[in-house]
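Let me begin by presenting the structure, written as structure tokens, before commenting on it.
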Amino acid sequence: MTRLPAPLLVRLRRALLAGAAALLPLAALTAPSVASAQPIVLGTSAPFTGAFAEYGEEYRKGADACLAPINAAGGVRGRPVRISYLDDGYDAKRTVANVRTLAGQGVAAFLNIVGTGSMLALQPVLEEIKVPVIGTSSGADVLRTPEGTSPWVIHTKASNGDEFKGFARILPTIGMTRVALVVQDNPFGKAGLASAQKAFDQAGKPAPVIALGSDAAGMAATIAEIRKVQPNVVVLIAAGTAAPEFIARYRESGHSAHIAVLNVVGGRVLTDRLKDQVAGILTAMLYPSPWGGARQASREYQMAMAQAKQELSLLSMEGCLNLRFTVAALRAAGDDLTPAGVRRALDRGVSLELGDFALRLAPGSRVASNHMTLGIYRANGRILE
């Protein structure tokens, strides 16, 4: 083997180093940082004003808090993820208008859409705009029937029917055999009532139905009807400010029957208004408790919320998990981060594995979780599973 003269080796090394140094600025220009890369935009239409504003705000807090560490770690394929929010005031017509606007702006997917009425109104629109919805506040069974199930909607939690079946199964085991259903007159209440009646009828425990009044006089009439029935547990099918207002009046009236609520009714929507009166309210739990320390999902959520300097809540936990599952879908889409690409990834199946809790969407499925347990509120607003 012929050895090169030493002076020639030195000149060759210098030339190679100079060439490499000349390439560095070019590499910096052709490999953009996350901050300067084209963002992947997600869209949310939710109430940020009106009686249901806390739903939108809590979902936003959780989603934003859990998005921050994802972007800090490089986003998705080197691109930051951004969420564009529009207020719909819990008005289905405004939801439809907002969704059309966001679709026109090129969002890859929607998440954390609030309201049964909104989701019902969106069914035909989604077929037109062809952008997937990942995670909605509504657990209404009408949205999961063969006729009502849109291939563009992914549910990340158990349905209202699953919650009511859980109530019908669990409540008798803790001595609560006489149940009354108190129902709000809106799309949420009507959809929930059908599921509740089916669950309790199938369990052999038909429950009387009592309409929830919309004002002080109406609520007084509701409470009078409950007194006639004498249940030992009231299953409240109501959302927004009506739920805590009724519970406060009910407690003031001296009734001793327990109150059970759906998962979406809970959190700060109740605790901020009821304070320590929230103690003893039973709730369906569709995710791990935000305050638990044993589960990975809870710990990672708590870390993100602490970094964002936000308080923990049921709804922000849901908003966080919906965001994380949506990001898992974006990653599964690979290079095709269009709505069609995200839809194809969802059709193939997407999983978010968080230790002993997971959101697993099987290929061709539209529901990622059927998890349901029973929790009870403490006076400090936290929930014991």
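The table below gives the values:
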item: Selection count, the range 192-202, where residues are of a type outside the set (S, T, N, Q), touching a residue at least 12 places away in the same chain (Cβ under 8 Å) and open to solvent by 20 Å² or more (accessible area, probe 1.4 Å); result: 3
item: Complete set of residues in the range 209-238 that are in contact with a Gly (Cβ under 6 Å, 6 or more places away or on another chain) and not small (Gly, Ala, Ser); result: Met219, Thr222, Ile237
item: Residues within the range 303-321 that are open to solvent by less than 50 Å² (accessible area, probe 1.4 Å) and within 17 Å of the chain's Cα centre (by Cα), tallied; result: 12
item: Tally of residues being farther than 27 Å from Arg169 by Cβ, out of contact with any Leu (no Cβ under 8 Å at 6 or more places or on another chain) and either polar (S, T, N, Q) or buried (at least 20 other Cβ atoms within 10 Å of the Cβ) (or both) across the range 346-385; result: 1
item: Residue check, Lys205 farther than 25 Å from Val327 by Cβ and modelled with pLDDT under 95; result: yes
item: Of residues in the range 333-345 being open to solvent by 40 Å² or more (accessible area, probe 1.4 Å) and part of a loop (DSSP other than H, G, I, E, B), the one nearest to Val261 (Cα to Cα); result: Thr338
item: Tabulated pairs, the range 46-64, first among the small types (Gly, Ala, Ser), second crowded, with 20+ Cβ neighbours inside 10 Å and at pLDDT below 95, C-beta under 6 angstrom, 6+ apart or interchain; result: Ala51/Gly240
item: Residues (assigned to a helix (DSSP H, G or I) and either in contact with a Gly (Cβ under 7 Å, 6 or more places away or on another chain) or free of Cβ contacts under 8 Å to residues at least 12 places away in the same chain (or both)) located in the range 304-317; result: Ala306, Leu314, Leu315, Ser316, Met317
item: Exclusive hit being surrounded by fewer than 21 Cβ atoms within 10 Å (Cβ to Cβ) and assigned to a helix (DSSP H, G or I), set Arg324, Arg299; result: Arg299
item: Qualifying residues in the range 132-144 (those that are over 18 Å from Arg324 (Cα atoms) and among the aliphatic types (A, V, I, L, M)) - the one surrounded by the most Cβ atoms within 10 Å (Cβ to Cβ); result: Ala140
item: Count of residues meeting criterion [of a type outside the set (Val, Ile, Thr) and open to solvent by less than 60 Å² (accessible area, probe 1.4 Å)] in the range 69-89; result: 11
item: Hits in the range 220-247 - residues which are open to solvent by less than 40 Å² (accessible area, probe 1.4 Å), over 15 Å from Gly381 (Cα atoms) and assigned to a helix (DSSP H, G or I); result: Thr222, Ile223, Ile226, Ala242, Ala243, Phe246
item: Residue selected from the range 93-107 under the condition small (Gly, Ala, Ser) and surrounded by fewer than 17 Cβ atoms within 10 Å (Cβ to Cβ), by the criterion nearest to Ala340 (Cα to Cα); result: Gly106
item: Qualifying residue in the range 282-295 (condition: within 19 Å of the chain's Cα centre (by Cα), at pLDDT 90 or above, surrounded by 15 or more Cβ atoms within 10 Å (Cβ to Cβ) and aromatic (Phe, Trp, Tyr)); result: yes
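Quick grid of which residues meet (1) surrounded by fewer than 23 Cβ atoms within 10 Å (Cβ to Cβ); (2) of a type in the set (D, E, K, R); (3) in contact with a Gly (Cβ under 7 Å, 6 or more places away or on another chain); (4) free of Cβ contacts under 8 Å to residues at least 12 places away in the same chain:
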| site | (1), (2), (3), (4) |
| --- | --- |
| Pro146 | yes, no, no, yes |
| Pro151 | yes, no, no, no |
| Phe164 | no, no, no, no |
| Ile170 | yes, no, no, no |
| Met176 | yes, no, no, no |
| Lys205 | yes, yes, no, no |
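The values are calculated or read from the model by the stated rules, or taken from the named source; none is laboratory data. Source: prediction; values computed, not measured. Please note: Cβ atoms are built from the backbone with ideal geometry, for glycine as well, and neighbour counts cover all protein chains shown. The accessibility values were calculated without ligands, DNA or RNA, using every heavy atom of the protein model including side chains. Shrake-Rupley method; radii C 1.70, N 1.55, O 1.52, S 1.80 Å.
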